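Here's the structure, in C-alpha cells; my notes come after.
What follows draws every value from the coordinates through simple rules; no lab data is involved. Note that this is a predicted model, so its numbers are computed, not measured. With ideal geometry, Cβ positions are generated from the backbone for all residues, glycine too; neighbour counts draw on all protein chains shown.
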Amino acid sequence: MTLLDNFEYVDPIDRRWVAPKGHVIDGASIPRFAWTLIGGPFEGKYRDSSVIHDVGCDKRWASWQVVHEVFYMGMLTSGVEDWRAKVMYAAVYHFGSRWDKVVRISGIPAVQTPVARQRALEGEEPGSTAEILSVDPPVNLPLGASTSTFTIRVSPPPQNMAQEQFEALRREIEEAAFAGKPTRTLESIRSVAK
C-alpha cells in the first residue's frame, strides 16, 4: 500500500516516528510465517504499528532493536493484547530485519584498538562484531594528540532462533496469558535463543 499522507506515532518516551506520504508499505518487516498467527500486516489492530515498523526498517531511523521495540509499543497503543504483541515482537526480533550501525568512540589512544572495539560493543547484543573503519588521528605523535577518535561499524549477531523454538515460545506466552499468569518480559523474549 502507498501512504496518501504522513502517518505519525509518538511513543511512550515522546519520540516522534513519521511514516512519510508516498512511502510504499509492503509488510516485509514482519516475517511472513507470523502473518498466519494473527493475519496480514494490512489488517487488524496492529496495522498502524506495522506501518511505522515497515518504514523504520526501510529508513533505519534507529537501531534495529529500537525499531522492533517501537513495533511492540505501537501495538499496545493500538489495543493489541499484551501477549499477542509479545508474540509479534518475538517474531520480528528473532526473524526480522537487522542492520549495522556506525559509532564514533573518542578518547582512546590510536594504538588501543581492542579497547575501542570493546567500548563499541558495550550494550550491544551478544555475538555482535566491531570493525574499525578509521582512526583520527591515525597515530598519536609525541607532541600531538594523546587520543584518537575511532569510527567503528557494529554488526549484529546472526539470527539464531529455529522456527521450532519460536513455536514453543509462542505457545508458552499464549498458555500463560490464557491461564491468567504473567507472560515473559521483552528481555527474556530477546534472550530465548542465546
Legend entry - Whole-Hz ³J(HN,Hα) from phi, Karplus 6.51 cos²θ - 1.76 cosθ + 1.60, for segment 58-64, glycine and proline x: 5, 8, 6, 4, 9, 4, 4
Inset, instruction - Please report, in debye to the nearest 20, how large the charge dipole of the chain is about its Cα centre when each Lys and Arg carries +1 at its beta carbon and each Asp and Glu carries -1 there. - result: 280
Legend entry - For the chain, built as a Gaussian network whose Cα springs stay under 10 Å, the top-fluctuating residue of Phe166, Phe71, Phe33: Phe33
Inset, instruction - Taking amide H positions as placed in the peptide plane 1.01 Å from N, state which residues far from Thr129 in sequence (5 or more) or on other chains have amide H under 5 Å from it. - result: Ser155
Legend entry - Hz values of 3J(HN,Hα) by residue in segment 100-110 - Karplus curve (6.51, -1.76, 1.60), Gly and Pro given as x: 6, 9, 10, 10, 10, 10, 10, x, 10, x, 4
Inset, instruction - Hey, can you grab everything whose amide H is under 5 Å from the amide H of Phe7? Only 5+ residues off in sequence or another chain; H modelled, so Pro and N-termini drop out. - result: Ala19, Lys21
Legend entry - For segment 44-93, size of Cβ-based charge dipole, Lys and Arg +1, Asp and Glu -1, in debye: 40
Inset, instruction - Putting +1 on Lys and Arg Cβ atoms and -1 on Asp and Glu Cβ atoms, find which of Gln112, Met88, Ser49 reaches farthest to the positive end of the dipole of segment 1-134. - result: Gln112
Legend entry - Spin-label pair Trp61/Gln112, simplified geometry with 7 Å Cα→Cβ offset, distance in nm: 3.7
Inset, instruction - Run the dipole for segment 102-194 about the Cα centre, Lys and Arg Cβ at +1, Asp and Glu Cβ at -1, nothing else charged, and hand back the magnitude in debye, nearest 20. - result: 180
Inset, instruction - Name the residue farthest towards the positive end of the dipole of the chain from the options Phe7, Gly79, Ala62, assuming +1 on Cβ of Lys and Arg, -1 on Cβ of Asp and Glu, about the Cα centre. - result: Ala62
Legend entry - Stretch gain in nm, segment Gln165-Val139, where the contour uses 0.36 nm per residue and the Cα spacing is subtracted: 4.6 nm
Legend entry - Virtual spin-label span in nm between Phe178 and Glu125, 7 Å along Cα→Cβ: 3.0
Inset, instruction - Compute the signed sum of charges (Lys and Arg +1, Asp and Glu -1) over the other residues within less than 15 Å, Cβ to Cβ, of Cys57. - result: 0
